[in-house]
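The values are calculated or read from the model by the stated rules, or taken from the named source; none is laboratory data. In this text the structure is predicted, and so the values were computed from the model without any measurement. Cβ coordinates were reconstructed from backbone atoms using ideal geometry, including for glycine residues, and neighbour counts include every protein chain displayed.
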Amino acid sequence: MLEQTEAVQRMQDYILAHLGDTISPADLARVSHYSPWHACRLFAALTGLTPADYIRKLRLSKSALWLRNAPGQVAKVAFALGFQSVDGYQRAFFREFGRNPGQYARDPVPLYLFTPYGVQFRQPKRRIPMEEPKPVFIQRLDKPARRVLLKRGVAAADYFAYCEEVGCDVWGLLQSIESISGEPVCLWLPPAYRKPNTSEYVQGVELPPDYDGIVPEGFELLDLPAAPYLMFQGEPFAEEDFAQAIEELRAAIAKYDPAVIGFALDDQNPRIQLEPIGKRGYIELLPIKLAAT
């Protein structure tokens with residue numbers, strides 16, 4: 001099974017690297033080391049989509065982000081992402097999102113974007129002990145007053161439980177919304193911000209404090225005050241080692257005493273997790289307050 005998972009992951013990596021090119025069954029067969037028929041069958045079994053559907057969804061979602069940030073470039077976006085005609089692109093965009101790309105570019109409402117989860121990252125790998133501790137970068141930063149558009153789970157305390165409760169497509173919708181922090185966030189909510197029978201762990205996107213835009217069904221807005229944070233950032237890691245990177249950073253956090261800089265941990269504000277991205281290292285943000293004197 002490991003060999004098959006790695007074959008599909010190679011196909012996913014190839015698609016992402018050549019999204020604007022013509023991608024043929026022969027190309028995917030070559031990188032998978034299987035026949036075209038078997039490569040397609042294997043890809044569909046592990047991702048739930050045929051290669052053609054996977055490529056289409058990924059291209060359309062990438063195009064939506066492009067249009068959100070650079071409106072008025074429908075034709076440029078269509079051809080840059082491998083669509084053969086503007087009309088074909090517009091029809092595909094409408095079928096996927098229920099609006100045409102020009103309309104979306106003028107009014108970029110939240111969309112459920114396709115998130116291409118790598119098949120080899122769906123389950124955390126067993127942690128392999130490291131011989132030497134890795135350095136951790138620590139920086140103080142100040143979060144402004146903001147609104148968070150979020151979706152609550154039921155009892156989740158981590159990412160995997162949250163996905164089981166609400167589905168993994170929440171992240172795709174959050175990525176479609178322009179955030180004041182540049183990306184969606186995961187939050188561990190303190191008791192004051194939780195509702196009965198809802199989860200501690202949620203996913204959301206940070207917005208201006210006066211945001212009054214669309215709130216998708218099942219989501220809500222939560223007002224958070226300005227607060228100081230400590231950002232803990234680990235070293236870059238291989239993508240498949242994300243679970244180990246998380247464990248190592250949390251071990252370093254557990255050993256750090258903010259009193260050395262005159263602060264204490266603040267249990268009245270949410271702890272924040274950013275998406276684990278190998279090239280930048282794993283990041284968590286812990287709320288702090290001035291230590292009692």
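Can you confirm whether GLU275 is surrounded by fewer than 12 Cβ atoms within 10 Å (Cβ to Cβ), in the same structural domain as ASP169 (by TED's automatic domain parsing), among the acidic types (Asp, Glu) and within 30 Å of ASP107 (Cα to Cα)? It is false that GLU275 is surrounded by fewer than 12 Cβ atoms within 10 Å (Cβ to Cβ), in the same structural domain as ASP169 (by TED's automatic domain parsing), among the acidic types (Asp, Glu) and within 30 Å of ASP107 (Cα to Cα).
Give ILE214, ILE283, ILE277, ILE261 a once-over and let me know the one that is of a type outside the set (Asp, Glu) and farther than 30 Å from THR115 by Cα.
ILE261
Only residues that are charged (D, E, K, R) and within 20 Å of LEU274 (Cβ to Cβ) were counted in region 193-225, giving 2.
Checking each residue in region 79-97 for being surrounded by 19 or more Cβ atoms within 10 Å (Cβ to Cβ), over 24 Å from the mean Cα position of the chain (by Cα) and in a helix (DSSP H, G or I) picks out only TYR89.
Being touching a residue at least 12 places away in the same chain (Cβ under 8 Å), part of a loop (DSSP other than H, G, I, E, B) and in contact with a helix residue (DSSP H, G or I) (Cβ under 8 Å, 6 or more places away or on another chain) is a condition met by no residue of region 254-262. Looking across region 71-107, just one residue is touching a residue at least 60 places away in the same chain (Cβ under 8 Å) and under 17 Å from SER176 (Cβ atoms), and that is LEU81.
Restricting GLN233, GLN203 to those that are buried (at least 17 other Cβ atoms within 10 Å of the Cβ), within 16 Å of ARG140 (Cα to Cα) and not small (Gly, Ala, Ser) reduces the list to GLN233.
Within region 276-288, can you find the residues that are more than 17 Å from PRO135 (Cβ to Cβ) and at pLDDT 95 or above?
Within region 276-288, LEU285, LEU286, PRO287, ILE288 qualify.
Annotation note: Cβ proximity below 7 Å between a residue of region 6-29 that is hydroxyl-bearing (Ser, Thr, Tyr) and a residue that is surrounded by 15 or more Cβ atoms within 10 Å (Cβ to Cβ) (sequence gap 6+ or interchain) occurs for TYR14/ASP27; TYR14/LEU28; TYR14/VAL31; THR22/GLY82. Taken over region 43-70, residues that are without any contact (Cβ under 8 Å) to a residue 60 or more places away in the chain, buried (at least 19 other Cβ atoms within 10 Å of the Cβ) and within 26 Å of GLU3 (Cβ to Cβ) amount to 4.
With respect to (1) touching a Lys or Arg at 6+ places or on another chain (Cβ under 6 Å); (2) surrounded by 15 or more Cβ atoms within 10 Å (Cβ to Cβ), the lone exception for TYR193 is condition (1).
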